[in-house]
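Student: Please read through the structure below; I'll follow up with questions.
Every number in this text was worked out from the coordinates using simple rules, so none of it is lab data. A quick note: this is a predicted structure, and the numbers were derived from the prediction, not measured. With ideal geometry, Cβ positions are generated from the backbone for all residues, glycine too; neighbour counts draw on all protein chains shown.
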Amino acid sequence: MGIYSFAIVAHSGAGKTTLGEALLYRAGAIDKLGAIGAGTTVLDAEPEEKERQSSSQTAMAHFTHDGHSVHLLDTPGSMNFLGATMGALRAVDGVILMANAEPGVQSETELLWEALEQHGMPRILVINKLDKEQADFDARFDNLREIFGTRLIRVQMPWGTGDQFKGVLDLVEMAAYDYSAPDKPQKTDIPAELADVAEDLRYQLVESAAEGDDALLEKYLETEELSEEELRQGLVAGTQQGKLVPVFCTAAQTTVGADRVLQGALGLLPDAETRRRQRQAQEQVPEGYAPESADNPDAAALVFKTRIDHYAGKLSYVRVFSGTVKPGDELLNTTRGETERPAHLYKMVGKEQVEVTQLAAGEIGVLPKLSHTHSGDTLSNPKHKVEFPPIAFPTPVLTYALQLGGKGEEDKLGAALHRMIEEDPTLQFSHNAETGDFLINGMGQIHLELVLERLKREFNIEATLGQPHVPYRETIRHGAKAQGKYKKQTGGRGQYGDCWLELKPRGAVDGLEFHNAIVGGAIPKNYIPAIEKGIQEAMGKGVVGAYPVIGIDATVYDGSYHDVDSSEMAFKIAGSMAFKKAMEDARPVLLEPILELEIVVHADYMGDVMGDINSRRGRVLGMDSRGRNQVVRAEVPMGEALTYAIDLRAMTSGQGYFTQRFARYEEVPAPIADKIIKERQAAMGE
Ligand code: GDP
Ligand code: MG
């Protein structure tokens, strides 16, 4: 009787949701098997998931099986929703990794594997879709073993394939499971024609299992055999330490093998208590991070997902790591220093909330209507403050400008996006006052398109994605002097301001350095700040393309005034006029923002990626290897990298990813600057 938590992880389309549904059905948690095509699964419960027939969130389902309490998380898989998967990995004690038995590149699997390694996550692997015509279990197994190494070890082999797929052979029990009637799998003898292959694989399995445990290895070397019990023991030890990854076979859609996977996961992966002891033994536990002890009665939980439901309101999905959470308990959000008091607790089966009277260490559940809490926050007993390390949510890489249907929608938009960002830490939103763009940043095209769909459905806001304006700047390359004279002295009170400015370049740095070098009172002191203000204002729109000007050193060194007609306003205008004239003569240039990219790709794609960086006017700063991947650091002008998230994925069949940060401003080469300025003039003329 243990508490278990598993996340199903794989590239999208591998059959995670289908397998999750089959597990729930086989465990009796649901009495009708849902199907992706019909939009009837409990795990893909959101309207956008049903519509696209693809998960975009982590769904949770709790059930009991053989007296065990099982918390299952179905993750989305796609890199567009990597944030949800990263959150789920912090909530579980083991992973069911999946791959598709059909041929084809499944490069996202490598990225996900890397994340599992980082989390030190015990895992089993399921090769799915063995009922498909093209399915080839051995080819997929060999391919994955080549990538991930000899830790992958078959504990099953398929019995037939394609429309002949009738069941699985269990290499531990050396028995066959016949699913000719999927609802009533029959255990039988291994068919004679597969006996030799099964013997061979069993031999390999025994050898691998023995290697996981010194005592077993000794026994094996002496007797060349292990009992079924010893074999199982070796497999459990190897799997829980991450030294072995047992491989299973399924056709999830018809539930073939699903019950055996559930059995395998419960038998091989650690329960919460085992994993807690492991975590404490293996990892450096930071100070104040000691709640994970069996006898610690103080509650500590990590929020790994937030969902704002149309009817139920805000739901915070938590994994409890120590103690017990009860309704009405006071919990301190140690990440934000705010107190929360959830009135109810739920476990979920897809969208259905099942009220519970407590959530104990190892369990996953939902706390409704917390006021201050976001994904990644820690909730703990106020008397024993604990803060878990933050969840490694990925940073968004794709930016678009949102184009709104109507004017009045701007106000509605702010509130709507605020709510969505609370749910999804990989979404960012900002308003650029300079360009007027409403910028939205996300993980990829599909991620952002889905945001638009939800804006429409839930908030009735129509928006489309457009290219953002690049925030260009201007500066000067030479020094120059000029006079600004503002004089209106016809009738009534006149206006008079007159100043001489000297400009010098300061490089591509922000702001204005202003000096007053007036001696002998050519301009009275009280007008000097007005001149500076005039320059500041003029710098808002430079002479090249009306972009903001940076990197200016300006000195006012001469001028004249009029006793009656001079005013602050007149000197402000004079300052602004002098600046514009001097800037014209100071070789003004256009500057563009340069991004520093860190790109991670498989070595096979390096040539293409480097060539592409060059064609974007970029330069490579350095290269490194990280496992089987290469890391390229490069600088690329922002204007050439607006769709890089999409282009890189296309170039690397979905495998490459990158992060970016602003590096600095640099001068735009003349022919390109001419083109940018022409486009700008055309746009401003409209
Ligand atoms: P996920 O993205 O990993 O969650 O994959 P889904 O569970 O949504 O499955 C993707 C598609 O593959 C759906 O159309 C499923 O019906 C189908 N599918 C999943 N498992 C199997 C299987 O074992 N056999 C067959 N033939 N189709 C499957
Ligand atoms: Mg899915």
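Student: Helix-derived [θ] at 222 nm for the chain: sum -39500 (n - 2.57) over DSSP H runs of at least 4, divide by residue count, nearest 500?
Tutor: -9000 deg cm²/dmol
Student: If the cut-off is a Cα-Cα distance under 25 Å, which lysines reach K243, setting aside same-chain residues fewer than 8 apart in sequence?
Tutor: K16, K219
Student: Given the pairs K580/K675; K407/K580; K485/K541, which are separated by over 25 angstrom at their Cα positions?
Tutor: K407/K580
Student: At a threshold of 8 angstrom on Cα-Cα distance, excluding pairs fewer than six apart, so keeping six or more, what relative contact order does segment 59-150 reach in percent? Numbers along the way, then the final one.
Tutor: Numbers: 89 pairs, mean separation 22.2, N = 92.
Normalised by residue count, the contact order of segment 59-150 is 24 percent.
Student: Could you put R145, R260, R619 in order, starting from the residue whose Cβ has the fewest other Cβ atoms within 10 Å?
Tutor: Ascending number of Cβ neighbours within 10 Å: R619, R145, R260.
Student: Additional query: Could you go through segment 544-550 in sequence order and give the Karplus-derived ³J(HN,Hα) for each residue, using 6.51 cos²θ - 1.76 cosθ + 1.60 with θ = phi - 60°, rounded to whole Hz, and x for Gly and Pro?
Tutor: Calculated HN-Hα couplings, in order: 7, x, 6, 8, x, 9, 10 Hz.
Student: Next question, about the same structure. Using the Cα centre of the chain as the reference point, and only Cβ charges (+1 on K/R, -1 on D/E), how large is the resulting charge dipole? Debye, rounded to the nearest 20.
Tutor: Dipole size: approximately 3140 debye.
Student: Also: Calculate, in nm to one decimal, what S625 and D608 gain on full extension: separation in residues at 0.36 nm each, minus their alpha carbon distance.
Tutor: Residue separation times 0.36 nm, minus the Cα-Cα distance, leaves 4.5 nm.
Student: Find which of A538, G414, S560 sits farthest along the positive direction of the dipole of the chain, computed with +1 on the beta-carbon of Lys and Arg, -1 on that of Asp and Glu, about the Cα centre.
Tutor: S560
Student: May I pose another question? Subtract the Cα-Cα distance of N516 and E410 from 0.36 nm times their separation in residues, and report this length gain in nm to one decimal.
Tutor: 33.8 nm
Student: While we're on this one: Using Cβ counts within 10 Å as a stand-in for footprinting exposure, how do V601, V9 rank, fewest first?
Tutor: The order, fewest Cβ neighbours first, is V601, V9.
Student: Taking R0 as 41 Å, what's the FRET efficiency between T643 and E352 from their Cβ-Cβ distance, rounded to 0.05?
Tutor: The value I calculate is 0.50.
Student: Loop only by DSSP, 12 or fewer other Cβ within 10 Å of the Cβ. Give me the GluC sites (Glu not before Pro) in segment 175-238 that pass, ordered by residue number.
Tutor: Those that pass, being in a loop and sparsely packed, are E224, E225.
Student: At 7 Å along Cα-to-Cβ for each site, give me the label-to-label distance between S653 and K488 in nm.
Tutor: It works out to 7.0 nm between the two label points.
Student: So, by mean Cβ neighbours within 10 angstrom, what's the order for 382-393, 245-256 with the highest one leading?
Tutor: Details: 382-393: 16.4, 245-256: 24.8.
Per-residue Cβ counts within 10 Å, averaged per peptide and sorted highest first, yield 245-256, 382-393.
Student: Let me ask something else. With a point put 7 Å past each Cα toward its Cβ, work out how far R633 is from K369 in nm, to one decimal.
Tutor: Output for this residue pair reads 5.1 nm.
Student: In whole Hz, what ³J(HN,Hα) sequence does segment 453-467 give by Karplus (6.51, -1.76, 1.60; θ = phi - 60°), x for Gly and Pro?
Tutor: 4, 6, 4, 6, 5, 8, 10, 6, 10, 8, 9, 10, 9, x, 5
Student: If we sort 553-564, 406-417 on the protection proxy, mean other Cβ atoms within 10 Å, highest first, what's the order?
Tutor: 553-564, 406-417
Student: I've got another one for you. Hey, got the dipole for segment 300-380? About the Cα centre, +1 on K and R Cβ, -1 on D and E Cβ, debye to the nearest 20? Display every interim value, and only then the final one.
Tutor: Numbers: 10 positive and 9 negative charges, 37 e Å.
Here segment 300-380 has a charge dipole of around 180 debye.
Student: Additional query: Charges on Cβ only, +1 for Lys and Arg, -1 for Asp and Glu, centred on the Cα centroid of segment 474-586; of A578, F514, L501, which one is farthest towards the dipole's positive end?
Tutor: A578
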